[in-house]
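Participant: Can you read through this structure? Questions will come right after.
The values are calculated or read from the model by the stated rules, or taken from the named source; none is laboratory data. Every value quoted in this text rests on a predicted model; they were computed, and no experiment measured them. Using ideal geometry, Cβ is built from the backbone for each residue, glycine included, and neighbour counts are taken over all protein chains shown.
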């Protein structure tokens, strides 16, 4: 009988996508289950993943704190039952408060706990659970806010990127126009849906371009009409499971700085302009982008200091594929040298097996 692994995740795609990827790495060797909250369910294709729903409450209200604490207690008891019933050998947590009940239950049952930190700043939940875990797997030796006393628990992996991105990367771009992909996030943001597209319009007066624009549902019609009226070839959408197929058509991405998104662009060898979310906890989005900036793979724009004229000047330089653009493509290629699905797979299996 194969050992069982439970992967705990939930919330945003930044947590769920690594969980899906880890599941796909392990499914040939282990019986693998994913636990998630209701927000994370939208990222899971029901036919491909066996999932368990655990809706952990946020601790963001002093008034509701006693209720949240009581709910976590109940969820921890439920988690104990799940872990026993399923005979789980390993718990893998991708971070966040969502994993609290399962990590507590796994500690009580002395189940091996592995933590995944996709960001360049150690998350607060992962920092707390270092006391319980065997290993923390991250993407850089220079992980910010990592306590020195746990240094021997840290191990490095290439980013956990879905297999379809490795497969898509084998095929060349088949669109002739310079293609700009804008990833505004499922919630949308003013800077992506009003400021950047105005700059796109400005440069389109001199250069033929194609735009792939991901935004929130409420902004789709506005952006479709905007590009249509201004005769800019475009594809506007809210959510697409096959983002990899669109990304491989792109010459440039403009995006927030979620760890998974940046890793995917990097693997696809698409230089990107990162606009970190200013309100991200511990400024982790900036640190995610800075990792690539320090390797000369991207540009970073401070949203609070956004300068429309300078942004348009940068776009024009990139559209001309100047030396800076070419250098960034080469640096991305070097960064991902020997970054293959099989290499990541063997490294992950090795980490679990050595414990």
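Participant: Under 24 Å from residue 169 (Cα atoms) and assigned to a helix (DSSP H, G or I): does that describe residue 270?
Facilitator: Numbers: under 24 Å from residue 169 (Cα atoms): yes; assigned to a helix (DSSP H, G or I): no.
For residue 270, the condition - under 24 Å from residue 169 (Cα atoms) and assigned to a helix (DSSP H, G or I) - is not met.
Participant: Still on this structure: If you check 22, 33, 52, 82, which single one turns out to be part of a helix (DSSP H, G or I), farther than 27 Å from residue 120 by Cβ and in the same structural domain as residue 344 (by TED's automatic domain parsing)? Walk me through it before giving the result.
Facilitator: On the way: 22 fails: farther than 27 Å from residue 120 by Cβ; 33 fails: part of a helix (DSSP H, G or I); 52 fails: part of a helix (DSSP H, G or I).
Going through 22, 33, 52, 82 in turn, just one is part of a helix (DSSP H, G or I), farther than 27 Å from residue 120 by Cβ and in the same structural domain as residue 344 (by TED's automatic domain parsing): 82.
Participant: Taking into account only those residues within the range 133-151 that are surrounded by fewer than 18 Cβ atoms within 10 Å (Cβ to Cβ) and touching a strand residue (DSSP E or B) at 6+ places or on another chain (Cβ under 9 Å), which is nearest to residue 259 (Cα to Cα)?
Facilitator: By that ranking, first place goes to 140.
Participant: When you go through 64, 44, 73, 69 one by one, which is the residue that is touching a strand residue (DSSP E or B) at 6+ places or on another chain (Cβ under 7 Å), surrounded by fewer than 21 Cβ atoms within 10 Å (Cβ to Cβ), modelled with pLDDT under 95 and farther than 27 Å from residue 291 by Cβ? If you could, list the steps in order and put the result at the bottom.
Facilitator: On the way: 64 fails: touching a strand residue (DSSP E or B) at 6+ places or on another chain (Cβ under 7 Å); 73 fails: touching a strand residue (DSSP E or B) at 6+ places or on another chain (Cβ under 7 Å); 69 fails: touching a strand residue (DSSP E or B) at 6+ places or on another chain (Cβ under 7 Å).
Among 64, 44, 73, 69, only 44 is touching a strand residue (DSSP E or B) at 6+ places or on another chain (Cβ under 7 Å), surrounded by fewer than 21 Cβ atoms within 10 Å (Cβ to Cβ), modelled with pLDDT under 95 and farther than 27 Å from residue 291 by Cβ.
Participant: Continuing with the same structure: Can you pull out the residues in the range 123-135 that are under 17 Å from the mean Cα position of the chain (by Cα) and outside any helix (DSSP H, G or I)?
Facilitator: Selection gives 123 alone.
Participant: Name the residue, out of 331, 288, 283, that is assigned by TED's automatic domain parsing to the domain that holds residue 197 and on the phi > 0 side of the Ramachandran plot.
Facilitator: On the way: 331 fails: on the phi > 0 side of the Ramachandran plot; 288 fails: on the phi > 0 side of the Ramachandran plot.
On inspection, the qualifying residue turns out to be 283.
Conditions tested, residue by residue: (1) under 12 Å from residue 329 (Cα atoms); (2) in a helix (DSSP H, G or I); (3) at pLDDT below 95; (4) within 14 Å of the chain's Cα centre (by Cα).
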| site | (1), (2), (3), (4) |
| --- | --- |
| 254 | no, no, no, no |
| 261 | no, yes, yes, yes |
| 279 | no, no, yes, no |
| 288 | no, yes, no, yes |
| 291 | no, yes, no, no |
| 295 | yes, no, no, no |
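Participant: Every residue in the range 36-49 that is under 21 Å from residue 242 (Cβ atoms), part of a loop (DSSP other than H, G, I, E, B) and either touching a residue at least 40 places away in the same chain (Cβ under 8 Å) or in contact with a helix residue (DSSP H, G or I) (Cβ under 9 Å, 6 or more places away or on another chain) (or both), please.
Facilitator: 44, 45, 48, 49
Participant: While we're on this one: State which residue is nearest to residue 162 (Cα to Cα) when the search covers only the range 230-246 and only residues that are modelled with pLDDT of 90 or more and part of a loop (DSSP other than H, G, I, E, B).
Facilitator: The residue in question is 232.
Participant: Every residue in the range 309-355 that is under 27 Å from the mean Cα position of the chain (by Cα), in a helix (DSSP H, G or I) and free of Cβ contacts under 8 Å to residues at least 12 places away in the same chain, please.
Facilitator: Residues satisfying the conditions are 324, 326, 330, 334, 342, 346, 350, 353.
Participant: Given the structure, is residue 109 under 19 Å from residue 39 (Cα atoms) and either in contact (Cβ under 8 Å) with a residue 40 or more places away in the chain or touching a helix residue (DSSP H, G or I) at 6+ places or on another chain (Cβ under 8 Å) (or both)?
Facilitator: Details: under 19 Å from residue 39 (Cα atoms): no; either in contact (Cβ under 8 Å) with a residue 40 or more places away in the chain or touching a helix residue (DSSP H, G or I) at 6+ places or on another chain (Cβ under 8 Å) (or both): yes.
Judged against the criteria, residue 109 is not a match.
Participant: Which ones in the range 165-211 are in contact with a helix residue (DSSP H, G or I) (Cβ under 9 Å, 6 or more places away or on another chain), modelled with pLDDT of 90 or more and part of a loop (DSSP other than H, G, I, E, B)?
Facilitator: If the condition is that a residue be in contact with a helix residue (DSSP H, G or I) (Cβ under 9 Å, 6 or more places away or on another chain), modelled with pLDDT of 90 or more and part of a loop (DSSP other than H, G, I, E, B), then 206, 207 are the ones that fit.
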